[in-house]
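Undergrad: Could you have a look at this structure, given as structure tokens, before my questions?
The values are calculated or read from the model by the stated rules, or taken from the named source; none is laboratory data. Note that the coordinates shown come from a computational prediction; the quantities given were computed from them, not determined experimentally. Please note: Cβ atoms are built from the backbone with ideal geometry, for glycine as well, and neighbour counts cover all protein chains shown.
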Amino acid sequence: MKNDGGLNIPMEVVEVLVTTSLDDECIRQITTISPKINLRDVSGFANAEKRGDFSSREQFDAHLAEAEIIYGPGPPKNVIARAPKLKWIQTTDVGVDDFLDSDIMGSSVIVTNTSGITAISIGECVLEMMLMFVKKMPLCFQLKQERQWKTFSLTVLHSKTVGIVGLGSIGRQVARLSKVFGMRVLATRRSTRSATRTRNVDILFSQDQLPQLLSDSDFVVLALPLTPETNNLIGEEELLTMKPTAYLINIGRGNIVDEAALTRALEENWIAGAGLDVFVTEPLPVESRLWELPNVVFSPHVAGEIEDYDLQTTRLFADNLRRYLSGKRLRNVVDKKRGY
């Protein structure tokens, strides 16, 4: 029997390594799928290695040498050489840019991610940031701290235009929620060749039509994975293309934006403001000027955090594990050449 990646599925015991700490319910979700599964919790070894502690390297390597499947965050360094029997990595993250190295790229190992699990949470955070700007919440916080009572005028999201760069699972949630508020929705998608329409999107542009989306939008939302194509996608030229009254919201990856150019754009009012959940360097360095700018709201890369995240990702993994054992197509297979 073969799965979507053309792998022969053995009938003997399937060695599954878990490199993240799981509670009993998550473990049960995995182990009750089939008696063929031999689950090994190596999260202690994996976490130690990430801290630079290699005292258990020999024991960890012994487990990796037998692993057919790894479930957890970014896999151990040099995993292809250390795990010669490895056929599939199920990451607990959406983005794979931090571990999709040349060894994994050149291997036959299938990589699947958790795309879609955090789409609702991140979509809500995008709307939160947009509402904070139109309702002038940064000013409200400032006045509260200063114990000042000053009235001011507000605006609404209704009839504003949001441009979503990257219409994946998160982008589609942002489009859906924006329509609830009566907004006009523009978007780009990599596979689109010419302007068209799609669900909850008034105009779907091709990638090379990005300047039009930028110039027409009151809010520009970056919902892209980080790849060589999207690295520094938004720089000085793109920021100058935006309206001076527009806001940039980035919930993709920090490196999608030229952070120095963005800081200058905010200081010199090329754009009205920015809502950021991701940064080039995380944690954000204390010397970053972004801390002090009044036209910036941000969160510490938590837009995708949900209280039952481990259970949700384990359910996805369990479903994929059933598919793997029966030779069916896996969900969320990463195109390693594209990087997502």
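Undergrad: So how many residues does segment 58-82 have that are of a type outside the set (F, W, Y) and in contact (Cβ under 8 Å) with a residue 60 or more places away in the chain?
TA: 1
Undergrad: Mind checking which residues of segment 302-336 are in contact with a Lys or Arg (Cβ under 6 Å, 6 or more places away or on another chain) and not in a loop (DSSP other than H, G, I, E, B)?
TA: The one that is in contact with a Lys or Arg (Cβ under 6 Å, 6 or more places away or on another chain) and not in a loop (DSSP other than H, G, I, E, B): N320.
Undergrad: Go through the residues of segment 251-258 one by one and say whether even a single one is modelled with pLDDT of 95 or more, under 18 Å from L213 (Cα atoms), in contact with a helix residue (DSSP H, G or I) (Cβ under 7 Å, 6 or more places away or on another chain) and of a type outside the set (V, I, T).
TA: Scanning segment 251-258 turns up no residue that is modelled with pLDDT of 95 or more, under 18 Å from L213 (Cα atoms), in contact with a helix residue (DSSP H, G or I) (Cβ under 7 Å, 6 or more places away or on another chain) and of a type outside the set (V, I, T).
Undergrad: Which condition from (1) in contact with a Pro (Cβ under 9 Å, 6 or more places away or on another chain); (2) surrounded by 15 or more Cβ atoms within 10 Å (Cβ to Cβ); (3) within 27 Å of H301 (Cβ to Cβ) is the one that K50 breaks?
TA: Result: K50 passes all but (2).
Undergrad: Select, from L284, L224, the only residue that is within 14 Å of the chain's Cα centre (by Cα), part of a loop (DSSP other than H, G, I, E, B) and not charged (D, E, K, R).
TA: Only one candidate passes the filter, namely L224.
Undergrad: While we're looking at this one, here's another question. Look through T245, T281, T241 and report the one residue that is within 20 Å of P294 (Cα to Cα), at pLDDT 95 or above and surrounded by fewer than 21 Cβ atoms within 10 Å (Cβ to Cβ).
TA: T245
Undergrad: Tell me which helices (runs of 4 or more DSSP H) are completely within segment 99-146 and hold 1 or more residues being more than 25 Å from V297 (Cα to Cα), or say none if there are none.
TA: Those helices (runs of 4 or more DSSP H) span 102-105.
Undergrad: So, one more: Please work out if I271 is modelled with pLDDT of 95 or more and closer than 30 Å to K336 by Cα.
TA: no
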